[in-house]
Amino acid sequence: QQQVKQSPQSLIVQKGGIPIINCAYENTAFDYFPWYQQFPGKGPALLIAIRPDVSEKKEGRFTISFNKSAKQFSLHIMDSQPGDSATYFCAASSQTGANNLFFGTGTRLTVIP
Amino acid sequence: ETGVTQSPTHLIKTRGQQVTLRCSSQSGHNTVSWYQQALGQGPQFIFQYYREEENGRGNFPPRFSGLQFPNYSSELNVNALELDDSALYLCATSSRGLETQYFGPGTRLLVL
């Protein structure tokens, strides 16, 4: 059973566009929601993370929006660049337990110059 | 780049063999988690080690085992390899009590 559902599976935008990736979860014990960026042949790199007491967090061109009541969160990439072309994963974890991450299935983003 | 290193980078084994993968922690991180990432999928949690003991386990059979050493480095051992074990194996390190996990570059395992 997929604990974190992610969409879309792939996304193509023009340079300067604002791709949006969405995730949903069911487990209300989750209290930490990071986003990771992964390039081919590399390990996932932490981009930005949010806790459920905050509805939005911005770091540079990356913004997370969080809707606790709907159990959904999303990643927005402002002014996207070709170098942002990668696979993006949302994840969730809970402090009750091993803090292990439950990942979504990933979104392959392509930014066209 | 994180300070997490993994070895080897690539490995080819045949079905039924055993494999050992290694991970060195980022400085100051005392907790190591291992994940399996199949092609086109998100990473799946295998287990976590803290203070040299297993501290949580995902839905993986006992032929997946691990060790953590006093310097916080870790090994993942897989016995009786199966074709479906072909994947990218990632380790992630963190400080106990903090949620943020930093991933290494992974070891690509191919089982023939």
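Readers should treat all values here as calculations from the given coordinates under stated rules, not as data from a laboratory. This is a predicted model, so every value here is computed, not measured. All Cβ positions, glycine included, derive from the backbone under ideal geometry; neighbour counts span all protein chains shown.
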Practice prompt. State the answer as a single residue: which of B:Tyr50, B:Pro61, B:Val78 lies farthest towards the positive end of the charge dipole of the range B:31-95, with beta carbon charges of +1 for Lys and Arg and -1 for Asp and Glu, about the Cα centre.
Written response: B:Tyr50
Worksheet item: Can you give the Rg and Dmax of chain A based on its C-alpha atoms, in angstrom?
Response: 13.5, 44
Item to complete: Stick to Cα atoms and the Kirkwood definition of Rh, then tell me Rg/Rh for the protein assembly as shown.
Response: 0.97
Worksheet entry | Sparsely packed GluC sites (Glu not before Pro) within the range A:1-81, loop by DSSP, other Cβ within 10 Å at most 15 | A:Glu26
Discussion item. Of all beta bridges DSSP finds with both residues in the protein assembly as shown, what is the antiparallel percent, to the nearest 5?
Written reply: 90
Fill in: Filtered trypsin sites (Lys or Arg not before Pro), the range B:54-112: DSSP coil and at most 16 other beta carbons within 10 Å
B:Arg63, B:Arg96
Worksheet entry | Sparsely packed trypsin sites (Lys or Arg not before Pro) within the range A:23-113, loop by DSSP, other Cβ within 10 Å at most 11 | none
Practice prompt. Enumerate the amide H contacts of A:Ile50 below 5 Å, restricted to partners 5 or more residues apart or on another chain; note that Pro and chain-start residues carry no placed amide H.
Written response: A:Phe33
Discussion item. Between B:Thr20 and B:Gln41, how high is the FRET efficiency from 1/(1 + (r/R0)^6) when r is the Cβ-Cβ distance and R₀ = 22 Å? Nearest 0.05.
Written reply: 0.40
Worksheet item: What is the percent of Cα-Cα separations in chain B that go past 16 Å?
Response: 54
Worksheet item: Using the C-alpha gyration tensor of the range A:1-52, what are the square roots of 5 times its eigenvalues, in whole angstrom, with the largest one first?
Response: 22, 15, 12
Worksheet item: Between the range B:49-98 and the range A:52-67, what's the alpha-carbon centroid distance in Å?
Response: 31
Worksheet item: Summing Lys, Arg as +1 and Asp, Glu as -1, what charge do residues with Cβ under 9 Å from the Cβ of A:Glu26 carry, A:Glu26 excluded?
Response: +2
Worksheet entry | Reachable aspartates and glutamates, given that their alpha-carbon falls under 15 Å from the alpha-carbon of A:Lys58 and they are not under 8 places away in the same chain | A:Asp79
